[in-house]
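The values are calculated or read from the model by the stated rules, or taken from the named source; none is laboratory data. The model shown is predicted, which means the values in this text are computed figures rather than measured ones. We place every Cβ from the backbone using ideal geometry, glycine too, and count neighbours over all the protein chains shown.
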Amino acid sequence: AQSVTQPDIHITVSEGASLELRCNYSYGATPYLFWYVQSPGQGLQLLLKYFSGDTLVQGIKGFEAEFKRSQSSFNLRKPSVHWSDAAEYFCAGYNFGNEKLTFGTGTRLTIIP
Amino acid sequence: DGGITQSPKYLFRKEGQNVTLSCEQNLNHDAMYWYRQDPGQGLRLIYYSQIVNDFQKGDIAEGYSVSREKKESFPLTVTSAQKNPTAFYLCASSGLTGVTTEAFFGQGTRLTVV
């Protein structure tokens, strides 16, 4: 089945440390890929998106993601996290075949002082 | 301001009752989606619609129904057939043309069965 997978349910990092959240995709062709962030009890906010072209994409709040076709991955990174980055992060993929937007199960990020 | 609005924010339902969640967008988006969110399960797609008067079942459509009579509106009815309706429901919309299919989300409706 065409999908996105987030292997890490929960990640804890220290404030100021670097961050990498993993996302793997399974699509026949290159999908459109997205990273969203959700604060508790809120909707989702788009961090960044990849459609084609440059495989390193920049997003809001200092986040970036790299598309790696050879690894079927689209990992989210940030060089130095802030306490306000604590939230749930979702990877998503859009399948042109059936026009579905599918989400991973999410990774909850905790920041410790 | 353009955006997507879900109402109500909190909703309580007695067992055996149907309840309808509202979703309205003024972004002129063609596509609209309904997701259900439960802890540890991410967002699961209930129904989606690409054009007016047409919609498709998602991965967990049983016990739910939708309509798309207007481009701006995509209400979700949680029927009494849904065995475990307590959850957080998110509505989203997206454009279908050009280079973007990013989805914009409402703030969600938390449904609790009492």
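Observations, loosely collected:
- Qualifying residue in segment A:17-26 (condition: within 11 Å of chain B (Cβ to nearest Cβ) and under 11 Å from the mean Cα position of the chain (by Cα)): no
- Residue satisfying condition, being within 14 Å of chain A (Cβ to nearest Cβ), farther than 17 Å from A:Tyr94 by Cβ and buried (at least 16 other Cβ atoms within 10 Å of the Cβ), within set B:Ala87, B:Ala92, B:Ala103: B:Ala87
- Residues that are outside any strand (DSSP E or B) and surrounded by fewer than 12 Cβ atoms within 10 Å (Cβ to Cβ) were ranked within segment A:43-70; the one that is farthest from the other protein chains (Cβ to nearest Cβ) is A:Ser70.
- Residue that is modelled with the lowest pLDDT [pool: residues in segment B:27-57 that are under 23 Å from A:Gly41 (Cβ atoms) and outside any strand (DSSP E or B)]: B:Gly40
- The residue that is modelled with the lowest pLDDT, counting only those in segment A:37-51 that are out of contact with any Leu (no Cβ under 8 Å at 6 or more places or on another chain) and of a type in the set (S, T, N, Q), is A:Gln42.
- Within segment B:58-77, the residues that satisfy the criterion of being touching a residue at least 24 places away in the same chain (Cβ under 8 Å) and not in a strand (DSSP E or B) are B:Gly58, B:Ile60, B:Arg68, B:Lys71, B:Glu72, B:Phe74, B:Pro75.
- Of A:Ala86, A:Ala29, A:Ala17, all but one fail to be among the small types (Gly, Ala, Ser) and surrounded by 14 or more Cβ atoms within 10 Å (Cβ to Cβ); the exception is A:Ala86.
- B:Gly16 meets each of the listed conditions (1) more than 10 Å from chain A (Cβ to nearest Cβ); (2) farther than 22 Å from A:Val37 by Cα; (3) surrounded by 13 or more Cβ atoms within 10 Å (Cβ to Cβ) apart from (3).
- Flag for A:Thr102 being of a type outside the set (Lys, Arg), under 13 Å from B:Gly42 (Cα atoms) and surrounded by 17 or more Cβ atoms within 10 Å (Cβ to Cβ): yes
- In the condition set (1) in a loop (DSSP other than H, G, I, E, B); (2) more than 14 Å from chain B (Cβ to nearest Cβ), A:Pro40 is compliant with all but (2).
- Scope segment A:50-84; condition in contact with a His (Cβ under 9 Å, 6 or more places away or on another chain) and not charged (D, E, K, R); matching residues: A:Gly62
- Members of segment B:8-27 found to be under 16 Å from B:Pro75 (Cα atoms) and of a type outside the set (A, V, I, L, M, F, W, C), listed by number: B:Pro8, B:Lys9, B:Tyr10, B:Asn18, B:Thr20, B:Ser22, B:Glu24, B:Gln25, B:Asn26
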